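Scroll down for the structure; my scribbles are underneath it.
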């Protein structure tokens, strides 16, 4: 999952964003809610955006690109929709409640085992700590790329190798 919206932590937007929102409000209807021109144009704009994002991220099809209201909804959807009974998840002690709450719920309700990689006093993570925790039933490694609290980029992900199944 890749989160593209920094609205929760940033007031100022580039002028092009403001203009695009004004244009959408003034010209587009509710996507997929009718057959009038403004609704069809809204649906088309969303589809074009999905196509651009799919190409940018290397998705096989634009239908693999979904939009949610915010990061919490996206994370809850991804975590609760992916992690099943008896799975194992690795995360860090730096994660936001939008990650921790569903993981704690899954520990209780679905017998999911969650292991935590601890950050050092500088808020940094050692990659070796992830690899030491990987089990045959590890379904996900959930780790923030950069903290909006500390500003840290806690790890480099390029060296992490996961076992193939």
- Item | Projected label distance in nm at residue 12 and residue 134, using a 7 Å step from Cα toward the beta-carbon | 4.2
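What translational D, rounded to a whole number of µm²/s, comes out for region 1-142 from Stokes-Einstein when the hydrodynamic radius is the Kirkwood one over Cα pairs, at 37 °C and 0.692 mPa s?
Numbers: Rh = 18.2 Å.
Diffusion coefficient, whole number: 181 µm²/s.
Going by how many other Cβ atoms sit within 10 Å of their own, how do 127, 106, 135 line up, fewest first? Walk me through the numbers on the way to the answer.
On the way: 127 16, 106 20, 135 12.
Ascending number of Cβ neighbours within 10 Å: 135, 127, 106.
Restricting things to Cα coordinates, could you compute the convex hull volume per residue of region 15-64 in Å³? Display every interim value, and only then the final one.
Working: hull volume 3.6 nm³, N = 50.
That works out to 73 Å³ per residue.
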- Can you work out the FRET efficiency for the pair residue 101 and residue 33, with r the C-beta to C-beta distance and R0 = 41 Å, to the nearest 0.05? 0.80
- Query: Taking the simple approach of a point 7 Å from Cα along Cα-to-Cβ for both residue 60 and residue 122, what is their distance in nm?
  - Reply: 4.1
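Expressed as cubic angstrom per residue, what is the convex hull volume of the alpha carbon set of region 71-155?
Cα-based convex hull of region 71-155, divided per residue, equals 82 Å³.
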- When only C-alpha pairs under 8 Å and at least 6 residues apart count, what is the relative contact order of region 71-155, in percent? 34
- Message: Given points 7 Å out from each Cα along the Cα-Cβ axis, report the residue 24 to residue 47 separation in nanometres with one decimal.
- Response: 1.8
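Values quoted throughout were computed directly from the atomic coordinates according to the rules given, and no laboratory measurement underlies them. What you see is a predicted model; the values in this text were computed from it and never measured. Ideal geometry is used to build each Cβ from the backbone, glycine not excepted, and the neighbour counts take in all protein chains shown.
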